[in-house]
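**Student:** Got a structure here, written out as structure tokens. Questions coming.
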Amino acid sequence: MKTQVGIIGGGPSGLLLSQLLHLQGIDTIILEQRSREYVLGRIRAGVLEQGFADLMREAQCGERMDSEGEIHDGFYIAHDGIKDRVDLHGLTNGNSVVVYGQTELTRDLYEAREKAGGIVIHNAEDVKPHDITSDAPYLTYRSGDEIKRVDCDYIVGADGFHGVSRKSIPRDKIQEFERVYPFGWLGVLSRTKPVSPELIYAKHERGFALCSLRSQVLSRYYIQVPLTDSVEDWSDDAFWAELKARLPEDVANEMTTGPSIEKSIAPLRSFVAEPMRYGNMFLAGDAAHIVPPTGARGLNSAASDIYYLYHAMLDHYKKGDDKGLEDYSAKALARVWKGQRFSWWMTTLLHSFPDNSDFDNHLQQTDLEYLFSSESAQKSLAENYVGLPF
Ligand code: RFL
Ligand code: PHB
């Protein structure tokens with residue numbers, strides 16, 4: 001097989017790039033190691049910044065997001081038994097976020113690719129990039145006993161944190177920066193009415209908690225747990241009791257509980273790989289960087305990579321101009337690091353750190369008091385949360 005852009009990974013990054021390029025007449029093939037059902041079974045992000053929502057519309061995939069997604073003009077931070085509101089709309093001159101699940105967004109992208117006759121090869125095993133630094137790179141994968149080959153101009157590694165693309169770059173050509181946090185998030189999805197129409201991020205001495213949602217009948221809740229915990233340690237009853245214990249009393253009293261329909265634990269990690277290009281292979285999304293989910297930046301950082309890469313590829317194919325491709329890594333990384341800083345800061349502000357000294361805890365409390373006593377501090381939080389410009 002031959003294509004212009006060979007994409008490893010059929011998550012949101014790979015699908016969005018493929019769809020955007022397709023609309024400009026640029027051909028792609030996606031190799032995805034999992035089945036479509038598996039990819040659509042993963043419950044992940046829920047908050048999209050406007051820049052991402054605009055990109056979905058540009059990809060002609062915004063219809064369901066616009067009708068079923070919810071515009072959120074603010075969110076709450078609960079602490080010390082009270083709730084303080086961050087007025088995103090007021091603090092950013094009218095900006096907001098869209099609450100629309102990654103699962104739904106991925107489904108929309110798959111349907112668009114399918115409608116357009118795009119090639120997405122599922123269950124592609126042992127995907128490998130070859131001759132990455134040559135003018136004729138190619139991908140191979142195994143389907144049953146057969147090894148197949150895809151020739152392309154460029155390879156895009158959009159295969160997530162555990163993918164093969166970043167690992168195919170020689171160790172001396174890539175630098176990795178990482179912080180691992182001493183806790184994870186236990187997430188529960190339940191078919192219950194959300195406790196609050198807007199998200200509540202809660203700081204509590206028992207640990208962080210988050211009340212989020214997918215719709216007015218589907219709630220998504222998280223609590224901070226030690227890394228040593230497993231899903232089996234948490235019955236639904238234990239989860240609801242711990243969640244309520246970390247929320248202000250009036251919120252806890254309003255909570256509708258019910259059986260979990262999904263329950264999983266995600267460890268928290270900050271990670272960046274530099275540069276995001278090796279030869280004719282470009283890394284995008286979680287393949288190059290991940291953040292702790294506290295600032296809702298992960299999927300949004302992936303989308304900004306796709307924005308830069310899409311425009312760089314357009315310039316190459318439409319104008320013969322390679323400047324965008326040459327600048328891609330530096331441009332993408334500049335925004336990625338800002339997302340890293342914000343996610344690290346929000347994580348540090350709101351979680352309980354088992355090894356914190358009393359001094360650290362005082363600073364954390366002061367950071368929070370400063371935030372809600374200073375409009376400038378809230379503006380900084382708000383402009384980062386709604387997403388910095390591309
Ligand atoms: P993905 O989604 O991991 O997709 C990569 C795809 O590549 C496939 N793959 C391979 N294919 C072929 N060959 C291989 N060797 C392969 N290895 C892997 C995988 O099967 C997969 O289909 O990466 P992508 O597309 O870059 O998208 C990134 C986002 O998924 C991620 O950043 C977000 O989910 C992070 N995130 C959040 N981001 C936000 O912006 N807002 C949020 O509210 C938010 N909440 C979250 C989150 C992530 C979470 N977890 C579980 C990590 C909440 C959670 C709990
Ligand atoms: C979610 O709804 O899954 C969600 C929302 C906000 C975050 C992280 C996750 O910061």
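The values are calculated or read from the model by the stated rules, or taken from the named source; none is laboratory data. Everything numeric here is computed off the predicted structure, so don't read it as measured data. Note: ideal-geometry Cβ built from the backbone for every residue, glycine included; neighbour counts use all protein chains shown.
**Student:** Counting only residues that are over 28 Å from Tyr201 (Cα atoms) and assigned to a loop (DSSP other than H, G, I, E, B), how many does region 78-136 have?
**Tutor:** Within region 78-136, the subset over 28 Å from Tyr201 (Cα atoms) is 108-136.
Now drop any that are not assigned to a loop (DSSP other than H, G, I, E, B), which leaves 116-118, 122-124, 131-136.
Counting residues in region 78-136 that are over 28 Å from Tyr201 (Cα atoms) and assigned to a loop (DSSP other than H, G, I, E, B) gives 12.
**Student:** Can you pull out the residues in region 244-263 that are in a helix (DSSP H, G or I) and either touching a Pro at 6+ places or on another chain (Cβ under 8 Å) or surrounded by fewer than 15 Cβ atoms within 10 Å (Cβ to Cβ) (or both)? First the steps, then the outcome.
**Tutor:** First, pick out the residues of region 244-263 that are in a helix (DSSP H, G or I): 244-245, 249-254.
Within region 244-263, Ala245, Glu249, Asp250, Asn253, Glu254 meet the criteria.
**Student:** Continuing with this model, one more query. Might you let me know whether region 155-167 holds any residue that is assigned by TED's automatic domain parsing to the domain that holds Ser329, more than 10 Å from ligand 1 (Cβ to nearest atom), aliphatic (A, V, I, L, M) and not in a loop (DSSP other than H, G, I, E, B)?
**Tutor:** Checked region 155-167: at least one residue is assigned by TED's automatic domain parsing to the domain that holds Ser329, more than 10 Å from ligand 1 (Cβ to nearest atom), aliphatic (A, V, I, L, M) and not in a loop (DSSP other than H, G, I, E, B).
**Student:** Something else now. I'm trying to understand the selection: among the residues of region 27-79, which are basic (Lys, Arg), away from ligand 1 (no atom under 11 Å from the Cβ) and touching a residue at least 24 places away in the same chain (Cβ under 8 Å)? Walk me through how you get there before you give the answer.
**Tutor:** Keep residues of region 27-79 that are basic (Lys, Arg), which gives 34, 36, 42, 44, 57, 64.
This time we only want the ones that are away from ligand 1 (no atom under 11 Å from the Cβ), so: 57, 64.
The answer is Arg64, and nothing else.
**Student:** Might you check whether a residue that is surrounded by 17 or more Cβ atoms within 10 Å (Cβ to Cβ), part of a helix (DSSP H, G or I) and of a type in the set (Phe, Trp, Tyr) occurs anywhere in region 216-228?
**Tutor:** No: region 216-228 contains no residue that is surrounded by 17 or more Cβ atoms within 10 Å (Cβ to Cβ), part of a helix (DSSP H, G or I) and of a type in the set (Phe, Trp, Tyr).
**Student:** Follow-up question, since we're still on this one. Can you give me the number of residues within region 133-152 that are closer than 12 Å to Gly279 by Cβ and crowded, with 18+ Cβ neighbours inside 10 Å?
**Tutor:** As a first pass, look at region 133-152 and keep what is closer than 12 Å to Gly279 by Cβ: 133-137.
Then drop every residue that is not crowded, with 18+ Cβ neighbours inside 10 Å, which leaves 137.
Here the count works out to 1.
**Student:** Quick one: how many residues across region 264-297 are under 16 Å from Gly6 (Cα atoms) and in a helix (DSSP H, G or I)?
**Tutor:** Of the residues in region 264-297, 2 are under 16 Å from Gly6 (Cα atoms) and in a helix (DSSP H, G or I).
**Student:** Asp229: away from ligand 1 (no atom under 16 Å from the Cβ), of a type outside the set (S, T, N, Q), at pLDDT 95 or above and out of contact with any Ser or Thr (no Cβ under 7 Å at 6 or more places or on another chain), yes or no? Step through it out loud before you land on a result.
**Tutor:** Details: away from ligand 1 (no atom under 16 Å from the Cβ): no; of a type outside the set (S, T, N, Q): yes; at pLDDT 95 or above: yes; out of contact with any Ser or Thr (no Cβ under 7 Å at 6 or more places or on another chain): yes.
So Asp229 does not fit the description; no.
**Student:** Kindly provide the set of residues from region 229-238 that are exposed (fewer than 14 other Cβ atoms within 10 Å of the Cβ) and either within 16 Å of ligand 2 (Cβ to nearest atom) or farther than 25 Å from Thr348 by Cα (or both), ordered by number.
**Tutor:** Glu232, Asp233, Ser235, Asp237, Ala238
**Student:** Here are some residues: Met56, Met65. Which one is at pLDDT 95 or above, under 18 Å from the mean Cα position of the chain (by Cα) and surrounded by 22 or more Cβ atoms within 10 Å (Cβ to Cβ)? Explain how you work it out, then say what you get.
**Tutor:** On the way: Met65 fails: surrounded by 22 or more Cβ atoms within 10 Å (Cβ to Cβ).
Result of the check over Met56, Met65: Met56.
**Student:** Collect the residues in region 180-201 that are within 16 Å of ligand 1 (Cβ to nearest atom) and not in a loop (DSSP other than H, G, I, E, B), keeping them in residue-number order.
**Tutor:** Residues satisfying the conditions are Val180, Tyr181, Phe183, Gly184, Trp185, Leu186, Gly187, Val188, Leu189, Ser190, Ile200, Tyr201.
**Student:** For residues that are farther than 19 Å from Leu388 by Cβ, in contact with a strand residue (DSSP E or B) (Cβ under 9 Å, 6 or more places away or on another chain) and either of a type in the set (A, V, I, L, M) or not assigned by TED's automatic domain parsing to the domain that holds Val291 (or both), tally how many sit in region 313-340.
**Tutor:** Of the residues in region 313-340, 2 are farther than 19 Å from Leu388 by Cβ, in contact with a strand residue (DSSP E or B) (Cβ under 9 Å, 6 or more places away or on another chain) and either of a type in the set (A, V, I, L, M) or not assigned by TED's automatic domain parsing to the domain that holds Val291 (or both).
**Student:** While we're here: Quick check on my filter: what residues within region 298-322 are in contact with a helix residue (DSSP H, G or I) (Cβ under 8 Å, 6 or more places away or on another chain) and outside any helix (DSSP H, G or I)?
**Tutor:** Residues satisfying the conditions are Asp321, Asp322.
**Student:** State which residue pairs qualify: first residue closer than 16 Å to Ala287 by Cα and in a helix (DSSP H, G or I) and inside region 7-23, second residue of a type in the set (A, V, I, L, M, F, W, C) and within 16 Å of ligand 2 (Cβ to nearest atom) in any location, beta carbons under 8 Å apart, and separation of 6 or more residues or different chains.
**Tutor:** Pro12/Leu105; Pro12/Leu299; Pro12/Ala302; Pro12/Ala303; Ser13/Ala302; Ser13/Ala303; Leu16/Ala303
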